[in-house]
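In what follows, a structure is listed as structure tokens, so that the remarks can point back to it.
The values are calculated or read from the model by the stated rules, or taken from the named source; none is laboratory data. Everything numeric here is computed off the predicted structure, so don't read it as measured data. Reconstructed Cβ throughout: ideal geometry from the backbone, glycine too, with neighbour counts over all protein chains shown. Only protein heavy atoms, including side chains, enter the accessible area calculation; ligands, DNA and RNA are left aside. Shrake-Rupley method; radii C 1.70, N 1.55, O 1.52, S 1.80 Å.
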Protein chains: 2
Amino acid sequence: MVSSKDVAKYAGVSQTTVSRVLNTPELVKPKTLKKVMEAIEQLNYVPNDIARSLVQQKTGIITLISGPLHNPFFVDTTTEIVNYANARGYKVNVYFGTEDNLETIYNSVLETKVDAIILSSIRYTDPLFYKLEKLEIPFIMFNRKHQENRHFVEIDNIEAGYLATNHLVTLGHTDLCWIGGPHEMSTFFGRYEGFKKALVEAGIAINTVPTFFTNTSKGDIKRVFEELLLLSPRPTAICAATDAIAIEILNQCLEQGFDIPNDFNVIGIDNVELSKHRSISLTTVGIKSEKNLGFLAIEKLFDVMEKKSACIQQTESVKLFPRNTTGKKMN
Amino acid sequence: MVSSKDVAKYAGVSQTTVSRVLNTPELVKPKTLKKVMEAIEQLNYVPNDIARSLVQQKTGIITLISGPLHNPFFVDTTTEIVNYANARGYKVNVYFGTEDNLETIYNSVLETKVDAIILSSIRYTDPLFYKLEKLEIPFIMFNRKHQENRHFVEIDNIEAGYLATNHLVTLGHTDLCWIGGPHEMSTFFGRYEGFKKALVEAGIAINTVPTFFTNTSKGDIKRVFEELLLLSPRPTAICAATDAIAIEILNQCLEQGFDIPNDFNVIGIDNVELSKHRSISLTTVGIKSEKNLGFLAIEKLFDVMEKKSACIQQTESVKLFPRNTTGKKMN
DNA sequence: TTCTGAAATGAATACGTAACCATTAAAAGG
DNA sequence: CCTTTTAATGGTTACGTATTCATTTCAGAA
């Protein structure tokens, strides 16, 4: 491998000068500059970014721990995060966390020198949070947040759950049901709180309403839907905690020959890009901002990296996006 | 930052011994081992992977240059590639290439020390290929290939185009049309060749068949669809070069109030996960293997990294996946 | 007890760069 | 022409690890 020393020797200058040519060319005489540039060209020299990282104590890498891409929410956020970071000259180490591999990922990440970390997969009481704080590098959580209430960008989950549920109530549904995920995640917890709040307001007794707290894999949701079909009275409206769940419920409904929204109303939360596709056209609740949560988070993360902010605590307001999976209840 | 030297001092041993504790613990006396382990614990020492990379000349990083995730094909492949590499202990630097940023990405990648590169965005005559060969690190292209015909995993694009077209012909369609992308990409080129081959066999004159070669952004496809609606005779069957195109065509059809498959038959190529969703249920042609192209490629890349293979040249066979966007032509 | 070989440890160095400090060359001022 | 600045360059070191080679320690055999 050809190093800056080789270039220096070839050009008849010191390694220091070669370094200067690359980093502060205005400090080197035009004639020497040319000489060195030619040597670089001749020898096909490429600076070693690892060595640079070592001496500068900065890697130019950001770690992203995302949820899996079969959840369309993470398709949207990963896109924004990676593209934004790249545009700012950073590389992005991407991980897709699931139940199984999360511990492994955390260990790997904690042993890797990076300039910042952005993650979504954290649980409300996750000990990882404290390890991240110990690392003393900027980090931010998007979507989910931690009980310590620091370093996060989220949507107003309670309001989101409330708006979604309220929409169904307003359409005349009284037989609702809830399909959510584990309450160790702040998103599922908050959205369910909103669900209950809307039920109370509507005068519906919470204990009469079927609720499912499930893992969010296809198989799990399929099982939930099968259970749901056995309920009596059968719900006419399904409130899903995320678009990902809602979209898989749609899949199951169609699979079984049901008609949406006539047999079931379905509403989600997140307003993912895919929900806008005319084949899906999912009614949902999502962030008011034009930018998605991933974008907002990475933007804020850079603020922290540049010391413009110290600690991010941001909750974005939400609104309803009515589409074709919900409609006035027929009798 | 606490280094192995600090640990050494604290434990009263040499830095060499600390290094041994981490890498070859069987070579160090149990008593010393314990002493050092405790020091590591006490000082909260984490090895610096950058320094390690520098001395070992290997980074544990693989670069992935993928297409954008709004193309569902890359959702599937990115998932497999990242997860496989992670499982094998590698980190993955992810880039999403588009027309605009590809040059920038290439430059960044060429200046970054990594252990291997996997990419899909290459053009048939892309000079990048030669630069990659010069780097002398393992690399592989998936989906698209380069004119040099080395280092790739692809599907049989000609056969794919042929099967898709033939399916429409068999259903009784005579007014076909083709929507593809720029022919500098081997995928689009090959699939169109298959399209023509099937037309010839069906006795349809190629010059009577409308063809669109477009960029694959939503806006571009919308424009194409609007043009298509003005054609006379209006095509009854649309052959899209990729599922991504097909799915956006579906979106446009529904947007305009058309019914699928009655007003238009639509077929894609790639058999992406999303095409299986019941709301989409896209007829398509895809790889016969259970594994997707991304998985096959990353697997092969590891073979190369481990010197099990020198140069990959793999073309996977394909088959038809009939679903609900095509059907017998009604009169 | 002494010798021999293996086991355990340490000292020095390399990896390739940027940064700091020292030095030389050139330009400006009297 | 000499002095004083300023521009341009070079020598040396630090970053934190793994590796190579040399040295010490120790157990077992003679």
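One residue is enough: does the range B:43-60 have a residue meeting the conditions assigned to a helix (DSSP H, G or I) and in contact (Cβ under 8 Å) with a residue 40 or more places away in the chain?
Looking for residues that are assigned to a helix (DSSP H, G or I) and in contact (Cβ under 8 Å) with a residue 40 or more places away in the chain, one finds at least one in the range B:43-60, hence yes.
With the checklist (1) touching a residue at least 40 places away in the same chain (Cβ under 8 Å); (2) over 30 Å from residue B:316 (Cβ atoms); (3) of a type outside the set (Val, Ile, Thr); (4) surrounded by 16 or more Cβ atoms within 10 Å (Cβ to Cβ) in hand, flag the one item residue B:225 doesn't pass.
Result: residue B:225 passes all but (1).
Sort out which residues of the range B:253-289 are in contact with a Lys or Arg (Cβ under 6 Å, 6 or more places away or on another chain), part of a loop (DSSP other than H, G, I, E, B) and among the hydroxyl-bearing types (Ser, Thr, Tyr), and write them in order of number.
The one that is in contact with a Lys or Arg (Cβ under 6 Å, 6 or more places away or on another chain), part of a loop (DSSP other than H, G, I, E, B) and among the hydroxyl-bearing types (Ser, Thr, Tyr): B:281.
Is it the case, given these coordinates, that residue B:170 is surrounded by fewer than 19 Cβ atoms within 10 Å (Cβ to Cβ) and modelled with pLDDT of 95 or more?
yes
So how many residues does the range A:1-26 have that are open to solvent by 30 Å² or more (accessible area, probe 1.4 Å) and more than 10 Å from DNA strand C (Cβ to nearest atom)?
Residues flagged as open to solvent by 30 Å² or more (accessible area, probe 1.4 Å) and more than 10 Å from DNA strand C (Cβ to nearest atom) within the range A:1-26 amount to 6.
Somewhere in the range B:80-95, is a residue in contact with a strand residue (DSSP E or B) (Cβ under 8 Å, 6 or more places away or on another chain), in a loop (DSSP other than H, G, I, E, B) and on the phi < 0 side of the Ramachandran plot?
Yes, the range B:80-95 has at least one match.
Residues being touching a residue at least 24 places away in the same chain (Cβ under 8 Å) and open to solvent by 80 Å² or more (accessible area, probe 1.4 Å): count how many of those fall in the range B:283-331. Don't jump to the end; show me each part of the working.
So the first thing to find is which residues in the range B:283-331 are touching a residue at least 24 places away in the same chain (Cβ under 8 Å), and the list is B:283-289, B:291-302, B:304-305, B:311-330.
Those still in the list that are open to solvent by 80 Å² or more (accessible area, probe 1.4 Å) too: B:288, B:291, B:313, B:319, B:322, B:324, B:328, B:330.
Within the range B:283-331, residues that are touching a residue at least 24 places away in the same chain (Cβ under 8 Å) and open to solvent by 80 Å² or more (accessible area, probe 1.4 Å) number 8.
Out of the residues in the range B:58-89 that are among the charged types (D, E, K, R) and away from DNA strand D (no atom under 16 Å from the Cβ), state the one that is farthest from residue B:8 (Cα to Cα). Lay out the reasoning, then the answer.
Here is the first cut: in the range B:58-89, the residues among the charged types (D, E, K, R) are B:58, B:76, B:80, B:88.
Pick out the ones that are also away from DNA strand D (no atom under 16 Å from the Cβ) and you get B:76, B:80, B:88.
Numbers: B:76: 47, B:80: 41, B:88: 31 Å.
Filtering first and then ranking leaves B:76.
Among the numbered criteria (1) under 23 Å from the mean Cα position of the chain (by Cα); (2) modelled with pLDDT of 95 or more; (3) charged (D, E, K, R); (4) farther than 29 Å from residue B:206 by Cα, which single criterion is violated by residue B:248?
(4)
Go through the range A:27-48 and count every residue that is more than 7 Å from DNA strand C (Cβ to nearest atom) and either among the polar types (S, T, N, Q) or at positive phi (or both).
Residues that pass the stated criteria total 3.
Please verify whether the range A:117-126 includes one or more residues that are charged (D, E, K, R) and away from chain B (no Cβ under 14 Å).
yes
Counting only residues that are more than 9 Å from chain A (Cβ to nearest Cβ) and part of a helix (DSSP H, G or I), how many does the range B:96-106 have?
Number of matching residues: 3.
Which of the following residues is within 27 Å of residue B:320 (Cα to Cα) and touching an Asp or Glu at 6+ places or on another chain (Cβ under 8 Å): B:67, B:161?
Within the list B:67, B:161, the selection yields B:161.
Applying the selection to the range B:70-90, what residues are in contact with a Ser or Thr (Cβ under 8 Å, 6 or more places away or on another chain), buried (at least 24 other Cβ atoms within 10 Å of the Cβ) and facing another protein chain (nearest Cβ under 8 Å)?
B:78, the sole residue that qualifies.
Every residue in the range B:39-52 that is facing another protein chain (nearest Cβ under 9 Å) and either closer than 17 Å to residue B:15 by Cβ or touching a strand residue (DSSP E or B) at 6+ places or on another chain (Cβ under 9 Å) (or both), please. Show your work before the answer.
Applying the first criterion (facing another protein chain (nearest Cβ under 9 Å)) to the range B:39-52 yields B:44, B:46-51.
Of everything in the range B:39-52, those that are facing another protein chain (nearest Cβ under 9 Å) and either closer than 17 Å to residue B:15 by Cβ or touching a strand residue (DSSP E or B) at 6+ places or on another chain (Cβ under 9 Å) (or both) turn out to be B:46, B:47, B:48, B:49, B:50, B:51.
Please find, among A:114, A:55, A:109, the residue that is within 16 Å of DNA strand D (Cβ to nearest atom), open to solvent by less than 40 Å² (accessible area, probe 1.4 Å) and more than 7 Å from every other protein chain (Cβ to nearest Cβ).
Checking each option against the conditions leaves just A:114.
Tell me the residue from A:19, A:4 that is within 42 Å of the chain's Cα centre (by Cα) and more than 14 Å from chain B (Cβ to nearest Cβ), please.
A:19
So how many residues does the range A:300-331 have that are more than 30 Å from residue A:174 (Cα to Cα) and out of contact with any strand residue (DSSP E or B) (no Cβ under 9 Å at 6 or more places or on another chain)? Show your work before the answer.
Within the range A:300-331, the subset more than 30 Å from residue A:174 (Cα to Cα) is A:300-315.
Filter once more, so that each one left must be out of contact with any strand residue (DSSP E or B) (no Cβ under 9 Å at 6 or more places or on another chain): A:303, A:306-311.
Looking only at that region, the number is 7.
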